Amino acid sequence: MAEETVFSKIVRREIPTDIIYQDDLVTAFRDISPQAPTHILIIPNVLIPTVNDVTTEHELALGRLFTVAAKIAKEEGIAEDGYRLIVNCNRNSGQVVFHIHMHLVGGRPLGPLLAK
């Protein structure tokens, strides 16, 4: 069994944060250290540590990450100009919290995806 994370506590609303969307499958909240004017984390409510741990039973929740991302991007006014969705997997990618999560980032030109 995966170890509980700070995100699990956010899903249960045990840690105060700026939750902007929540349903039975996913929760979305503003990043506490934003890297752009809009920086929102969207997470499945069930704890999945990394992309390597995804199974077919997670497909509905992970699909919901994308539909919620599109909804939030529109509400935040960044859908037309564009935004980036980022999912990191394990330490070399920069994953810090081992509860799979999608970063929704936008509100300014983001530049190239990867630095050389």
Top-ranked residue in the stretch 12-21 [being under 29 Å from residue 108 (Cβ atoms) and out of contact with any helix residue (DSSP H, G or I) (no Cβ under 8 Å at 6 or more places or on another chain); ranked as least open to solvent (accessible area, probe 1.4 Å)]: 18
Complete set of residues in the stretch 45-74 that are touching a residue at least 40 places away in the same chain (Cβ under 8 Å) and among the acidic types (Asp, Glu): 53
Top-ranked residue in the stretch 89-116 [being without any contact (Cβ under 8 Å) to a residue 12 or more places away in the chain and in a loop (DSSP other than H, G, I, E, B); ranked as surrounded by the fewest Cβ atoms within 10 Å (Cβ to Cβ)]: 116
Every residue from the stretch 50-75 that is part of a loop (DSSP other than H, G, I, E, B) and either under 18 Å from residue 4 (Cα atoms) or among the acidic types (Asp, Glu) (or both): 50, 54
Positions within the stretch 1-21 being of a type in the set (D, E, K, R) and in a helix (DSSP H, G or I), in sequence order: 9
Residue list for the stretch 75-88, filter: open to solvent by 40 Å² or more (accessible area, probe 1.4 Å), over 12 Å from the mean Cα position of the chain (by Cα) and either of a type in the set (A, V, I, L, M) or modelled with pLDDT under 95 (or both): 79
Residue satisfying all of: in the stretch 22-49; outside any loop (DSSP other than H, G, I, E, B) and open to solvent by 50 Å² or more (accessible area, probe 1.4 Å); nearest to residue 90 (Cα to Cα) among these: 30
Enumeration of residues in the stretch 9-60 that are over 13 Å from the mean Cα position of the chain (by Cα) and hydroxyl-bearing (Ser, Thr, Tyr): 17, 33, 55, 56
Qualifying positions in the stretch 71-116 - of a type in the set (A, V, I, L, M) and under 15 Å from residue 39 (Cβ atoms): 72, 73, 78, 85, 86, 87, 96, 97, 102, 104, 105, 110
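The values are calculated or read from the model by the stated rules, or taken from the named source; none is laboratory data. Please read all numbers here as calculations on a predicted model, not as lab measurements. Note that each Cβ is placed from the backbone with ideal geometry, even for glycine, and that neighbours are counted across all protein chains shown. Protein only, heavy atoms only, side chains kept; ligands, DNA and RNA dropped before computing areas. Shrake-Rupley method; radii C 1.70, N 1.55, O 1.52, S 1.80 Å.
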